[in-house]
Amino acid sequence: MADLTGKVALITGAARGQGEAEARLFVERGAKVVIADVLDEDAQKLAADLGDEQALAVHLDVSDPSQWADALAAAKQAFGQVNILVNNAGIYFQGAITETPLDRYRKLIDVNQIGVFLGMQTLAPHMAEAGGGSIVNIVSVSSFAPLDLTSAYASTKSALLAMSKAAVGELGPLGIRVNMIHPGGVATEMGAPSGVVPTEYDKAPLGRIGQAREIATVAAFLASEESSYCSGAEILVDGGWTVGTRNPWTATR
Ligand SMILES: NC(=O)c1ccc[n+]([C@@H]2O[C@H](COP(=O)([O-])OP(=O)(O)OC[C@H]3O[C@@H](n4cnc5c(N)ncnc54)[C@H](O)[C@@H]3O)[C@@H](O)[C@H]2O)c1
């Protein structure tokens with residue numbers, strides 16, 4: 001079990017969904033967490049639930065460089081340093097290329113792509129000074145196996161994948177590991193809006209959609225010293241969805 005005792009983690013988009021599951025699990029495993037999100041009320045509620053000693057809610061729009069500086073300052077003031085950064089915040093858009101408004105596409109780039117860049121840009125010098133750290137970037141199976149109607153979203157995740165890999169060589173010598181998680185479908189507001197889960201998930205090898213906690217356990221491993229020689233790892237957490245097409249003869253046997 002990944003032990004996070006004594007660690008401080010800044011988790012973006014932690015007010016709900018996978019980020020919330022990560023914040024809850026990291027605290028269970030001994031970490032202090034900074035819940036960074038634009039959903040202030042939800043973030044404050046979660047922090048109160050986890051307790052003042054363990055959690056701090058900060059307002060952070062990941063696409064704004066000055067808010068990143070403020071979030072780091074608040075984290076340092078509360079907990080002294082940050083050893084773990086989980087770049088989890090993200091937004092989704094589903095629509096045909098001909099139906100995708102350019103401003104929506106630009107917003108996806110700002111949050112999913114530039115938001116992570118700013119996170120690494122802000123935190124890496126601090127982590128290096130603090131003796132190293134672990135960055136976990138929540139990418140997506142869309143980065144390498146994009147579905148139709150996701151050209152805008154998937155392209156931001158492909159950019160994030162390339163950016164994360166480029167960061168591995170750059171930050172490794174500073175003692176900072178950079179690893180990636182590729183969730184498949186996860187039952188959050190993004191993956192199952194209003195709790196609706198498409199029946200297509202039955203066709204995945206594991207026959208169901210994933211749960212946020214199933215991403216969080218992998219994030220905890222990558223954040224912890226258990227993964228001390230992992231940098232540049234890409235962990236698929238998709239129930240087998242992207243391994244390949246299932247054998248068309250299986251159903252006839
Ligand atoms: N749910 C899925 O099926 C799925 C699949 C693959 C990858 N992902 C990725 O997993 C990550 C988490 O998504 P989720 O499923 O928990 O979705 P979610 O919509 O439940 O949570 C996303 C969180 O990010 C926050 N956020 C949005 N814009 C922000 C901004 N500008 N600054 C700070 N926070 C912001 C939201 O307020 C929310 O709390 C995302 O990066 C997403 O792209 C999700």
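The values are calculated or read from the model by the stated rules, or taken from the named source; none is laboratory data. Predicted, not measured: the structure shown is a model, and the values here were computed from it. Here Cβ is always computed from backbone atoms with ideal geometry, including for glycine, and neighbour counts include all displayed protein chains. The protein model used for the area step is the full one, side chains on, heavy atoms only, and it has no ligands, DNA or RNA in it. Shrake-Rupley method; radii C 1.70, N 1.55, O 1.52, S 1.80 Å.
Structure values in brief
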quantity	calculated
Tally, over region 96-111, of residues that are touching a helix residue (DSSP H, G or I) at 6+ places or on another chain (Cβ under 9 Å), more than 16 Å from residue 157 (Cβ to Cβ) and either free of Cβ contacts under 8 Å to residues at least 24 places away in the same chain or open to solvent by less than 60 Å² (accessible area, probe 1.4 Å) (or both)	1
Filtered residue count, region 28-47, keeping only those that are touching a strand residue (DSSP E or B) at 6+ places or on another chain (Cβ under 8 Å) and either of a type in the set (A, V, I, L, M) or open to solvent by less than 60 Å² (accessible area, probe 1.4 Å) (or both)	10
Total residues in region 155-193, condition in contact with a Ser or Thr (Cβ under 8 Å, 6 or more places away or on another chain) and either more than 21 Å from residue 233 (Cβ to Cβ) or of a type in the set (D, E, K, R) (or both)	2
Selected residue (criterion: surrounded by the fewest Cβ atoms within 10 Å (Cβ to Cβ)) from residues of region 205-233 that are within 12 Å of the ligand (Cβ to nearest atom) and among the small types (Gly, Ala, Ser)	212
Candidates 25, 10, 60 - the one that is open to solvent by less than 40 Å² (accessible area, probe 1.4 Å), touching a residue at least 40 places away in the same chain (Cβ under 8 Å) and near the ligand (Cβ under 10 Å from one of its atoms)	60
Matching residues in region 140-156 - criterion: being open to solvent by 50 Å² or more (accessible area, probe 1.4 Å), within 12 Å of the ligand (Cβ to nearest atom) and among the aliphatic types (A, V, I, L, M)	147
